[in-house]
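Visitor: Sharing a structure with you now.
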Amino acid sequence: WEPGSFQERQFAGKILGGEMIGFHVSPNAFAATIVMLTVVSLGVAAQRLAYRDEPAWGAVILATGIASVVMIYWTHSKTAMATFALAIAALALLALPRARALLAHHSRKAYWIVLVACVLGVVAVVGHGIYHGGLFEGRFSNSLHFRWRYWVAAERMFETNPLLGVGWSNFGSFYTAHRLPEAAEEVRDPHNFLVRAFVELGLIGGVLLIAWLARMGWELTRPVAPPALDDDAARPRDPEHSMTGAIMAMSAIATVGFIVNVAATVDFAESADYAFIEVCKRVLYACLLFAGGLVVAVRSSKRQELDARPAPWIVYGGLLALATLLVQNLVDLSLFEAGPMMAFALLAGAVGGIRSSSDVATTKRAPRPVIAAVALAATALAWVAALLFVVTPVINAQNHAYLADIDIRYGRMPQAEARFEAAFREVPANADYAFRAARAAIMDLRNPRPADVRAHLAAATAADPTLIRGYLMRAEFERRQENPDVAVIRANYDEALTLNPADIDMRLRYAAALEDLELKEEAAEQYRTALAFNDKLPVEEPERLPVKRVMEIEQKMAALST
């Protein structure tokens, strides 16, 4: 990074500001997960209070809740703080018996009222943004206004591919071609899960997501009366719910979770020290999971057994936790990260199972063994086909790429290039393998192979026409040749700028290349365009060029015009 550049200042701000990292891609995702799990914990504590259990059990859970609030504050996530406050207010409202009775008696009306309110809320936000040209500019640290810029660009992307979208996880590849000139950030997602669904999956995917949310909301909010309790205190203990059973159950859950997590996340091909530390960390996580599970599942110190009593407050906590994550994902996208997604799926499945338990018990369906067998066989074949034709090639390709990275580390560039080529043959849709093969060939200074570099980059851009770095590498590589092809340099820079027209740094690099090629008029035009885009950035934007740099560019333009 250049001293004083945007990247350097951004990184320094994160370090000096004490930004929390380590568990998720961003502090906002970390905060969203904490809020979701804390709300469930508060539901457990409320249930303890409702049953007048020993105070210590609820106090332990509330203590962890207080620690969670401190963590949420340290993440500096305004959205997480707001959703947590809304969840607390909703729990306080549910503490009123009259409110719970009204919701249970008028559950259908309540559902439709909330659904209409959500639709009107979206319409109001969009209308406000269109009328004022943004959302609350100058407030909330401009975060909402920044997101409005993402959404405007997303709407333009949706217009280009309205039916099927641009493809899952392809938002960042297409965003730069449609972003507003005053939006400096090159984001990978629109910070809104509904917008992402419509842009990446098109009208079909977006409508399916909304239908799924509406159906899930309907099923999760059906009133299911818990079974009536007889004299529970005098009821003899059930051997299946003994303390031994509780310990065995939680031990099994923690152990299976530990094994699955270690197998999926620890890279044992790395050094033994690294693997040992990572395994030890997961042992601690498993111990915490075991202890927390017992605090929730064991009834009391006097009656040490699995708690089989109905727990409506835990259901309320689960519902509100799901709602907090969905609301948070309207401005900060975390739902598609592995941690929040799995926690969301777990809660939705648990609450859905509780809500539908009475229906399952009373409804009898005629068995259809033929249909069930056909469905099972078709599903099994689909999984086998996916394993053979999708999973296996990806695993092989990643293994080739992993070994290629080791070759690069030790300076074996020809071997690295060959391994990246093999990876690209396994998964030809992944342009990154061809790009890395080209980079390895360029780094082999003892045996230059321009033809191979050009072939790799051509394959990379053919596999992914939005691969800006592929066009830039081809232009820069051609520029360094003894007899550079001016047409190739210009064509690749022009293609990259078509995909990201507002990139000031790219235009300055293009202008410098044109200047070296003695194309003075074209170089001056690129400098002029770069300054025009720079003027459109807000004055407080960190990525705006410093005044000294602007003066240097103006002097170059004057020299080129003479």
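The values are calculated or read from the model by the stated rules, or taken from the named source; none is laboratory data. The model shown is predicted, which means the values in this text are computed figures rather than measured ones. When we count neighbours, we look across all protein chains shown, and the Cβ atoms used for this are built from the backbone with ideal geometry, even at glycine. All accessible areas refer to the heavy atoms of the entire protein, side chains included, with ligands and DNA or RNA removed. Shrake-Rupley method; radii C 1.70, N 1.55, O 1.52, S 1.80 Å.
Visitor: What is the number of the single condition among (1) more than 24 Å from the chain's Cα centre (by Cα); (2) open to solvent by 70 Å² or more (accessible area, probe 1.4 Å) that His76 does not meet?
Guide: (1)
Visitor: Quick check on the stretch 250-262. Is at least one of its residues under 25 Å from Ala50 (Cα atoms), in contact with a helix residue (DSSP H, G or I) (Cβ under 6 Å, 6 or more places away or on another chain) and not small (Gly, Ala, Ser)?
Guide: Here is the first cut: in the stretch 250-262, the residues under 25 Å from Ala50 (Cα atoms) are 250.
If we keep only those that are in contact with a helix residue (DSSP H, G or I) (Cβ under 6 Å, 6 or more places away or on another chain) too, we end up with 250.
Then keep just the ones that are not small (Gly, Ala, Ser); that gives 250.
For the stretch 250-262, residues under 25 Å from Ala50 (Cα atoms), in contact with a helix residue (DSSP H, G or I) (Cβ under 6 Å, 6 or more places away or on another chain) and not small (Gly, Ala, Ser): present.
Visitor: To continue, here is another question. Considering only residues of the stretch 296-319 that are in a helix (DSSP H, G or I), among the aliphatic types (A, V, I, L, M) and farther than 20 Å from Ala63 by Cβ, which is most open to solvent (accessible area, probe 1.4 Å)? Write out each step before concluding.
Guide: The first filter runs over the stretch 296-319 and keeps only residues in a helix (DSSP H, G or I), leaving 296-297, 312-319.
Those still in the list that are among the aliphatic types (A, V, I, L, M) too: 296-297, 314-315, 319.
With the extra rule that they be farther than 20 Å from Ala63 by Cβ, the set shrinks to 315, 319.
Numbers: Val315: 13, Leu319: 39 Å².
Ranking the candidates gives Leu319 first.
Visitor: Sticking with this one: Only one residue in Gly293, Gly245 is in contact (Cβ under 8 Å) with a residue 60 or more places away in the chain and either assigned to a helix (DSSP H, G or I) or surrounded by 14 or more Cβ atoms within 10 Å (Cβ to Cβ) (or both), so which one is that? Step through it out loud before you land on a result.
Guide: Values: Gly293 fails: in contact (Cβ under 8 Å) with a residue 60 or more places away in the chain.
Just a single option satisfies the conditions, and that option is Gly245.
Visitor: State yes or no: is Asn492 of a type in the set (S, T, N, Q), modelled with pLDDT of 90 or more, under 30 Å from Thr562 (Cα atoms) and crowded, with 19+ Cβ neighbours inside 10 Å? Can you show your working first?
Guide: Numbers: of a type in the set (S, T, N, Q): yes; modelled with pLDDT of 90 or more: yes; under 30 Å from Thr562 (Cα atoms): yes; crowded, with 19+ Cβ neighbours inside 10 Å: yes.
So Asn492 fits the description; yes.
Visitor: Hey, any hits in the stretch 390-411 for a residue that's farther than 26 Å from Trp218 by Cα, surrounded by 13 or more Cβ atoms within 10 Å (Cβ to Cβ), among the basic types (Lys, Arg) and at pLDDT 90 or above?
Guide: no
Visitor: Let me ask something else about it. Report whether or not Val539 is open to solvent by 40 Å² or more (accessible area, probe 1.4 Å) and modelled with pLDDT of 90 or more.
Guide: On the way: open to solvent by 40 Å² or more (accessible area, probe 1.4 Å): yes; modelled with pLDDT of 90 or more: no.
No: the conditions fail for Val539.
Visitor: I want to confirm something. Restricting to the stretch 151-172 and keeping residues that are in contact with an Asp or Glu (Cβ under 7 Å, 6 or more places away or on another chain) and in contact (Cβ under 8 Å) with a residue 40 or more places away in the chain, which single residue is least open to solvent (accessible area, probe 1.4 Å)?
Guide: Gly165
Visitor: Next question, about the same structure. What is the residue count in the stretch 82-140 for residues that are free of Cβ contacts under 8 Å to residues at least 12 places away in the same chain, open to solvent by less than 80 Å² (accessible area, probe 1.4 Å) and assigned to a loop (DSSP other than H, G, I, E, B)?
Guide: So the answer is 3.
Visitor: Hey, another quick one. Would you mention how many residues in the stretch 57-80 are within 19 Å of Glu19 (Cβ to Cβ), in contact (Cβ under 8 Å) with a residue 24 or more places away in the chain and assigned to a helix (DSSP H, G or I)?
Guide: 9
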